[in-house]
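The values are calculated or read from the model by the stated rules, or taken from the named source; none is laboratory data. Quick caveat, the model's predicted, so the values are computed rather than measured. In this analysis, Cβ positions are derived from the backbone assuming ideal geometry, glycine residues included, and neighbour counts consider all displayed protein chains. Accessible surface areas use protein heavy atoms only, side chains included; no ligands, DNA or RNA. Shrake-Rupley method; radii C 1.70, N 1.55, O 1.52, S 1.80 Å.
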Amino acid sequence: MKRLFMTVLLAAAVIMLGSGMAFAKTLKIGTMGPLTGPYAADGVDIKNGVLTAVEVMKANGGIPGFDDIEVLPQDTACEPRQAVATANKLINEGVNGVVGSYCSSATLPASEVLDEESIIMITPASTAEKVTTRGLPYMFRMCGRNDDQSKTAVKFMTDELKAKTIYLVDDKTAYSQGLADGVEKMAAEAGIKVLGHEHVNQGDKDFSAILTKVKTEKPDVFYMSMQNSATGALMLIQAKRMGIKAAIIGQDAVYHPQLMEIAKNAAENVYLTFGYTDKEAPAYKEFDAKYTPLHGNIGAYSGYAYDSAMAYMMAVKAAGSTDPAKVKAELMKLDYNGATKHVKFQANGDSGSDYVIFKVKDGKFTTYWNPATGLY
Amino acid sequence: MEYFLQQLINGITLGSVYALIALGYTMVYGIIQLINFAHGEFFAAGGYVGVIFMSYLLSQGAPAWVCLSGSLILAMAYCAMLAVAVERVAYKPLRNSSRLSVLLSALGMSIFLQNGLMLTQGVYDKAYPTELTQGGFEMGNVMLSYMQLFIVSLTAFLLVALNLLVFKTRMGKAMRSTAQDKVMSALVGINANRTISITFAIGAALAAAAGIMVGLYYGSVRYDMGFVPGIKAFAAAVLGGIGNITGAMIGGFIIGMVEIFAAGYISGEYKDVFAFVILIAVLYFRPSGIMGENVDDTRV
């Protein structure tokens, strides 16, 4: 008797819970990224970008049919296993769409899990080619691709720097090594002599041995492929102290205000490949005005995260539902100027690469060279 | 030759840092046979106190030497107090239980302190004012920066001071006798608890000095910076013969040198492998470490 009573009570509770949810409709957006560990800065930037997009959306009247928009941030720690666990957690919590993650090595396995449940995932930061070449129907990408990034870097070396020799250092992550390997191959094809390609370990602070090698070899270009802006900053400080004269080229993962905060004048004149963003565009200014007072400095991927969340919410708004097939159809139709770039998804889910060369000047990233048109 | 000399300088600098941290491991082990895994966190905490105070002093327009020595003293004092507190909370109540429980308590303390740093100081790196540390001597192609000179000479100074303290003072005598036999030294009037606290404090102060030097040399500190150097310094202490001060110094320099030369002459990705291969080889042929004596005869 007691058991029956409990069962009825439980069933009643479940029914009430279910009906309660049906009344208040909430759009749930998950974010994935490293909130702890060495890449935490970038993960926090992604989360903040999504939060800002939601704030802006709510301020502009929200989405008809939804009472609220909720953001569920998850920590992947940049580990494949934890990424899969967080993807499952987000599925359990009933998210409608996901923005993330940061490391390609975390995005790849997590997207497989999300795709099985037909949950749309838009990565603001994973640049590995494989993210969109696997043919997953619900995988989208807001940032550019590694192959385009290395192409831009090598074109800059040959056309603008007239480099004859190059030395590469990476930190052995799927991202940084993939990028460095791509640059090495393309540079060799372009007739640049590769003097060496060294690897350091993640978490290293002392690069004096490797940098002494670089200095002895006297390359024209020192290609620094690090997955972490803080580590990149340490390498720049030590390179400057050692008196390395080579032109230093970094990439999008070290494109972060942290680089100058830590390296200070050691970061001056460093070149980086990063997607072009028009900071005078009205959409960027709207983003900046909302983001900066809430979260401080705009990080490298804050803008892409903002655009990813914005694109998703606009698609939901246009579709009038969270049905993945309908939202996908609306996403593919989007064609507008976002905060960071022109948003127009291609059939494979990419939104196109627009890498240009930035140069650090007076403690700021300034656009320096465009592969299509030359100097700015 | 120039290449070799440059790598030698790099190796000595890195070795000094490891040596300083290793001293704390070895002293604590010497006196209560505990591997204090939270030691790396004292190193990180020292780095943070250093950067906070140094930036403040700089913004007040204090000259470079005031910034350096002021923050050094403050960080050492802070970490000494932190270590005494940690010892009271996490190790003292467990002193008579099995070694495993104290070890676990130490691991827990390490995680606690690291997360504490993360939560209070944030996940971003904190930048050191590197403008204090630029420049150096250049002989041909060999660079010896002022910072490297500063690290090596400060390490040498601290090592000499520590040796004088341990072998020439009453305090040092008490430490050595407590290490040898806690009960007997208590019977002859040595306050064992106080001596243990002081040992912890000194070890942590040395780690804090290393933290500041690392911050200045490499340019920034972060909350999890204690882990890797902590492991390396632990290896150095074991290599030198844990419990032995001279051994810890030598071990620190060996690990630093092997790391730099392996990276410079073989490959950057294998440097840690070589450092630990040396450790295993030494322990295989000389289980007590380079300077170690019989296991029960450990001394501070």
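Annotations
- Exclusive hit being surrounded by 20 or more Cβ atoms within 10 Å (Cβ to Cβ) and either within 14 Å of chain A (Cβ to nearest Cβ) or over 25 Å from A:ALA209 (Cβ atoms) (or both), set B:LEU100, B:LEU82: B:LEU82
- Candidates A:ALA263, A:ALA305, filtered to the one that is open to solvent by less than 10 Å² (accessible area, probe 1.4 Å), part of a helix (DSSP H, G or I) and within 30 Å of A:SER118 (Cα to Cα): A:ALA305
- Matching residues, the stretch A:55-71, being buried (at least 18 other Cβ atoms within 10 Å of the Cβ) and closer than 30 Å to B:LYS126 by Cα: A:VAL71
- Cβ-Cβ under 6 Å pairs, at least 6 apart or on other chains, the stretch B:1-17 side more than 10 Å from chain A (Cβ to nearest Cβ), far side polar (S, T, N, Q) and open to solvent by less than 10 Å² (accessible area, probe 1.4 Å): B:SER16/B:THR155
- Across the stretch A:111-143, the number of residues qualifying as β-branched (Val, Ile, Thr), under 18 Å from A:ARG81 (Cα atoms) and either open to solvent by 10 Å² or more (accessible area, probe 1.4 Å) or in a loop (DSSP other than H, G, I, E, B) (or both) comes to 1.
- All told, A:GLY100 meets the bar of being in contact with a strand residue (DSSP E or B) (Cβ under 8 Å, 6 or more places away or on another chain) and open to solvent by less than 10 Å² (accessible area, probe 1.4 Å).
- Conditions (1) closer than 22 Å to A:PRO137 by Cα; (2) open to solvent by 10 Å² or more (accessible area, probe 1.4 Å); (3) not in a loop (DSSP other than H, G, I, E, B); number of the one not met by A:ASN348: (3)
- Leading residue by the ranking (farthest from the other protein chains (Cβ to nearest Cβ)) among those in the stretch A:188-221 that are aliphatic (A, V, I, L, M) and farther than 18 Å from B:VAL273 by Cβ: A:ALA190
- Filtered by the rule that a residue be part of a loop (DSSP other than H, G, I, E, B) and open to solvent by less than 10 Å² (accessible area, probe 1.4 Å), the stretch A:229-255 gives a lone residue, A:GLN251.
- Residue match in the stretch B:154-161 (condition: open to solvent by 20 Å² or more (accessible area, probe 1.4 Å), over 18 Å from the mean Cα position of the chain (by Cα) and of a type in the set (A, V, I, L, M, F, W, C)): no
- Among all positions in the stretch B:47-54, there is no residue which is over 24 Å from B:THR195 (Cβ atoms), in contact with an Asp or Glu (Cβ under 8 Å, 6 or more places away or on another chain) and open to solvent by 20 Å² or more (accessible area, probe 1.4 Å).
- In the stretch B:128-152, the residues that are open to solvent by 30 Å² or more (accessible area, probe 1.4 Å) and in contact (Cβ under 8 Å) with a residue 60 or more places away in the chain: B:LEU132, B:GLY140, B:ASN141, B:LEU144, B:PHE150, B:VAL152
- Residues of the stretch A:165-193 satisfying the condition of being surrounded by fewer than 19 Cβ atoms within 10 Å (Cβ to Cβ), outside any helix (DSSP H, G or I) and touching a strand residue (DSSP E or B) at 6+ places or on another chain (Cβ under 6 Å): A:THR165, A:LYS172, A:LYS193
- Counting only helices (runs of 4 or more DSSP H) that fall entirely inside the stretch B:214-300 and contain at least 1 residues that are in contact (Cβ under 8 Å) with a residue 60 or more places away in the chain and either facing chain A (nearest Cβ under 10 Å) or farther than 26 Å from A:ILE237 by Cα (or both), the qualifying elements are B:227-240, B:245-261.
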